[in-house]
Amino acid sequence: MEPSYSAVADEQLDQVQASGDTELYNALVTVCEFILDNPALAQRDSAAITTDVGIRLRYAVPGHAPYKVFWASEGPRIEAVFPYPN
């Protein structure tokens with residue numbers, strides 16, 4: 001079974017956790033868990049972008065603009081988490 005998080009997303013989440021911003025880290029993990037547990041609902045509320053590796057979905061982290069969680073519906077799988085302008 002393929003991991004639910006890419007190596008990039010794991011590293012980015014580790015960096016946020018190490019930064020000491022517990023509120024942001026918890027918000028990111030909550031969004032990631034929502035996406036993985038409810039991909040159909042998450043897809044409805046996500047924007048889609050086209051990348052070199054295909055379509056990726058972008059879900060805003062409530063209360064923590066401009067942070068977004070980028071994910072692939074296949075799996076589903078969390079690809080990346082970082083600040084991204086609207």
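Coordinate-derived values only; no laboratory data. Note that this is a predicted model, so its numbers are computed, not measured. Heads up, the Cβs are rebuilt from the backbone with ideal geometry, glycines too, and the neighbour counts pull from every protein chain shown.
Some points to look at:
- Residue-averaged 222 nm ellipticity for the chain, from DSSP H runs of 4+ at -39500 (n - 2.57), nearest 500: -12500 deg cm²/dmol
- Taking the Cα centre of the chain as reference, the dipole from Cβ charges on Lys and Arg (+1) and Asp and Glu (-1) amounts to some 340 debye.
- Helix axis angle, 7-19 relative to the chain longest principal axis, alpha carbon, degrees: 20 degrees
- Cα-based convex hull volume of the chain per residue, rounded to whole Å³: 94 Å³
- Once the Cα-Cα distance is subtracted from the 0.36 nm per residue extended length, the residue 7 to residue 21 segment shows a gain of 3.0 nm.
- Label-point separation, residue 29 to residue 14 (7 Å along Cα→Cβ), nm: 1.6 nm
- With a cut-off of 13 Å on the backbone N, the residues of the stretch 1-29 near the modelled label site 7 Å out from residue 51 along Cα-Cβ are 5-12.
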